[in-house]
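J.: Dropping a structure here in structure tokens format, bear with me for questions.
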Amino acid sequence: MGRRLTRREFLLAGAGAGAGLMVLGGCGASRDQAAAARTAAGGGARYTGPKVNLAFWNGFTGGDGPIMLELVNQFNSEHENIQVDMVTMMWAPDFYQKAPAAVAAGQGPNVAIMHVDRLGLNAARGVIIPLDGVVEALGLQESSFASTIWDAGVYEGKRYGIPLDTHPLGFYYNKAVMEEGGLDPNRPPQTRDEYMEALEELKGKDIQGSWVPPSLFTGWHMFTSLLWQFGGDLYNEDVTRATVNSDAGVEAMSWMVDLVKRGYSPKNVAQDGDVIALQNGQNAFNWNGIWMINVFGAVPELEWGVAPLPQIGTEKAAWANSHNFVIPNQPNPDPNKLRAAKVFIAWVIESSQKWAEGGQVPALNEVREGQAFEDLEWQPEFAKELPYVHFGPSAPGVTEINENILYTAVNEAVLLNEEPRAALDTAVERANKLLQQNQQKYGGY
Amino acid sequence: MAAQGIEQTGAQPTPPAAGYPSGGKAESTGSFSWTPYVFLAPYLLLFTVFIVVPAIFGLWISLHNWDYLLPEQPWVGLQNYVNLFTPGSPTAGFFWQSMEATGIFTLFSVPFLVIIPLLVALILNQSFRGRNFFRAMYFAPYVLGVAVVGVLWQYILNPGFGLINYYLGALGIGEGAVPWTTALPWAWISLVGMTVWWTLGFNAIIYLAGLQDINQELYEAAKVDGANRWQRFVNITIPGLRPVFLFVITVTILASANMFGQSYLVTDGAPANETRTAIMYIAEEGLENFRMGSAAAMSYILALFLALISILNFRFLNQKEED
């Protein structure tokens, strides 16, 4: 699954320069914001000990990397006795393979970032430590964060992640293509009826309006969003059985597949083909992550917009993931470094307005509800989805089952190799066996 | 002939430990010398540390539910192997599908990688102006890393905006929408094609060396006897290259069976794991899903297959040589 992330970040890399400029512009505004947030987040966190160096690992290889580095540099210049050294590698496979190996060798970083759906696995494998004490020391409270994001950082009753942001799926549209198809470019479809009408309208002008990617990015995310919209879920309550072959799952998948069958999407869309088509004016709509604002923003003369996902099913829902700060396990933890790491985590979260400008929705309420964030062009559209974003469950090994087993059903069905129900049944059968293995391995959950 | 020449000189020192029958008993014990062992020691050390020990340790891992980060590695005996041969187990279907993918790739890439480089070598062995330039050209792709080759071909093959479909579209063929990386058999054609382009230079160079080792007098003698071009090729060139064939075929089969990067980068195993090779699946099982015991068991099955194929290959080609 590594390459899929790489491809996305490959696209992002191109947008890095543009994002950098945005950050420079946004610096001044974020200061007051940060000060206000610092108090809110209980920012009494201080470090007065001897000078320490902190190794900080993450997978920000795209346009987000330079922004985090800028934050780190700013932090270093403001803190004489803490020097943070940032190490960036690709999330998968590199980061999620090397971080555990480094921890096992006693060479793990002092602080790191992980996705919220990876916390369970890394907690179960002893890669990261519980942060309840850290949260208490920093005076962080649930009420300071969006509750959907905050709640996701808990595994087996203990908190392992402190949320920095969330990156949900949104609905991108090419305004020029919409106009060409006789649609109002400022009124993207938001309901099922509007969506189908728009596609029919576009089809009348020989435009395939909603390319459906059979790849993990973002076919899988589109499917899960729809699954949740139709009232289904990936797994049962205690994550012992996969449930994507429920009626809701079949309905979600059939809707996606029908876009292809009815000719609203070509067959065999290649990796990123949907994105490129939108950029080239061949595709009108694209369900994609917030990270694409940098990619589309960097395309000269592309007239585009983004809105919350249209509601196709019976309720609103959107796939999302979240970057969380974690503290990796150390054989002989240095209390000074631990204290310094707390200061660093609190500082970055409080300064997350700058982070948001790079294409994220900040987890901290004070930042997200602040004027500086509201003034951003695209990010607030994604923030609207916060009440109904869904994260993958953090049970250990489940992300791997999602991406290696369940995702295969999306691929098979969208490529029209298998009927939706058959594809989902096969995937569920395989997933259930692995869930059983995982339960034995990680002891229940 | 190169390979035979090396064999002969290699056999001359006849160290007793090598099991060669040497002159008298007294003489052989008397001439015992540490020298060859000292020379072999550095390689032996590396071989032990990086091949022998991991191979044995891997066997041990394959008998457990192994995850190096968990406190306990439960012993499961042969369960990981049994799973691979039990239809409906979580691994069996995927594993044999990936073995099949490896098999398909090997089956279709090896013939091209054996024959095309030979033709290239025959041409490059002629004397013509700019020969060195062409020799360098054909070898050039081989120096690229698989990541570079992968990214390069992604752009060329992409069904939506790739160069090939662009030009096919311009010529009005296939509506310019051939699914080069997303459907079969196109994905295999792409993977085999790019691999042949990438690695043919290596085999061509080996052939070229072999061709230059064939005694020119044989050709002259054959010409005098009235043999035509084809007869000279069949009766002098082919037999002369036999040891080179053995090497090229063996190495190419092993390299093809170890294919990883091309699928990983260009098709990502798509459509639906159809082009996910054995090595790719083993890496995923061991390093992404952290089921190292199961992954180790798969590696042994794959290794067993490769050993069998290599033995058959040696038998077959050596027998021919003895005839």
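The values are calculated or read from the model by the stated rules, or taken from the named source; none is laboratory data. Small disclaimer: the values here were computed from a predicted structure and weren't measured. Cβ sites come from the backbone with ideal geometry, for glycine too, and all protein chains shown count toward neighbours.
J.: Grab the helices (runs of 4 or more DSSP H) fully contained in region B:165-253, keeping just those with 3 or more residues being under 30 Å from B:V151 (Cα atoms). Quick ask: steps written out before the conclusion?
T.: Details: elements: B:186-212, B:216-224, B:229-232.
In region B:165-253, the matching helices (runs of 4 or more DSSP H) lie at B:186-212.
J.: Being more than 14 Å from chain A (Cβ to nearest Cβ), under 20 Å from B:F290 (Cα atoms) and at pLDDT below 95 is true for just one of B:G93, B:G77. Which residue is that?
T.: B:G77
J.: Quick check on region A:147-159. Is at least one of its residues touching a helix residue (DSSP H, G or I) at 6+ places or on another chain (Cβ under 8 Å), free of Cβ contacts under 8 Å to residues at least 40 places away in the same chain and assigned to a strand (DSSP E or B)?
T.: yes
J.: Considering only residues of region B:176-197 that are in contact (Cβ under 8 Å) with a residue 60 or more places away in the chain and of a type outside the set (S, T, N, Q), which is farthest from the other protein chains (Cβ to nearest Cβ)?
T.: Step one: filter region B:176-197 for residues in contact (Cβ under 8 Å) with a residue 60 or more places away in the chain, giving B:181-184, B:187-188, B:190-192, B:194-196.
The next check asks that each one be of a type outside the set (S, T, N, Q); those that pass are B:183-184, B:187-188, B:191-192, B:194, B:196.
Working: B:A183: 6, B:L184: 10, B:A187: 11, B:W188: 15, B:L191: 14, B:V192: 19, B:M194: 15, B:V196: 22 Å.
The selected residue is B:V196.
J.: Right, another one. For B:L200, which of the numbered conditions (1) within 30 Å of B:V244 (Cα to Cα); (2) in contact with a Phe, Trp or Tyr (Cβ under 6 Å, 6 or more places away or on another chain) fails to hold?
T.: The single condition B:L200 does not satisfy is (2).
J.: So which of A:V257, A:V269 is modelled with pLDDT of 95 or more, aliphatic (A, V, I, L, M) and assigned by TED's automatic domain parsing to the domain that holds A:N402?
T.: A:V257
J.: Something else about it: Specify which of the listed residues (A:W220, A:W287) is of a type in the set (F, W, Y) and within 14 Å of another protein chain (Cβ to nearest Cβ).
T.: On inspection, the qualifying residue turns out to be A:W220.
J.: Looking only at residues in region B:92-137 that are among the charged types (D, E, K, R) and in a helix (DSSP H, G or I), which one is nearest to A:A431 (Cα to Cα)?
T.: Result: B:E100.
J.: Being buried (at least 16 other Cβ atoms within 10 Å of the Cβ) and away from every other protein chain (no Cβ under 14 Å) narrows it down to one residue among A:V127, A:V87, A:V154, A:V103; which is it?
T.: A:V154
J.: I'm trying to understand the selection: among the residues of region B:269-320, which are touching a Lys or Arg at 6+ places or on another chain (Cβ under 6 Å) and closer than 15 Å to B:Y81 by Cβ?
T.: Step one: of region B:269-320, the residues touching a Lys or Arg at 6+ places or on another chain (Cβ under 6 Å) are B:269, B:285.
Passing the criteria: only B:E285.
J.: May I pose another question? Determine if region A:333-342 includes at least one residue that is among the basic types (K, R), in contact with a Phe, Trp or Tyr (Cβ under 9 Å, 6 or more places away or on another chain) and in the same structural domain as A:L424 (by TED's automatic domain parsing). Full working, then the answer.
T.: Taking region A:333-342 as the starting set, the residues that turn out to be among the basic types (K, R) are A:337, A:339, A:342.
Subset that is in contact with a Phe, Trp or Tyr (Cβ under 9 Å, 6 or more places away or on another chain): A:339, A:342.
If we keep only those that are in the same structural domain as A:L424 (by TED's automatic domain parsing) as well, we get none.
Looking for residues that are among the basic types (K, R), in contact with a Phe, Trp or Tyr (Cβ under 9 Å, 6 or more places away or on another chain) and in the same structural domain as A:L424 (by TED's automatic domain parsing), one finds none in region A:333-342, hence no.
J.: Given the conditions (1) at pLDDT 90 or above; (2) not in a helix (DSSP H, G or I), report the number of the one that B:G293 does not fulfil.
T.: Result: B:G293 fails condition (2) only.
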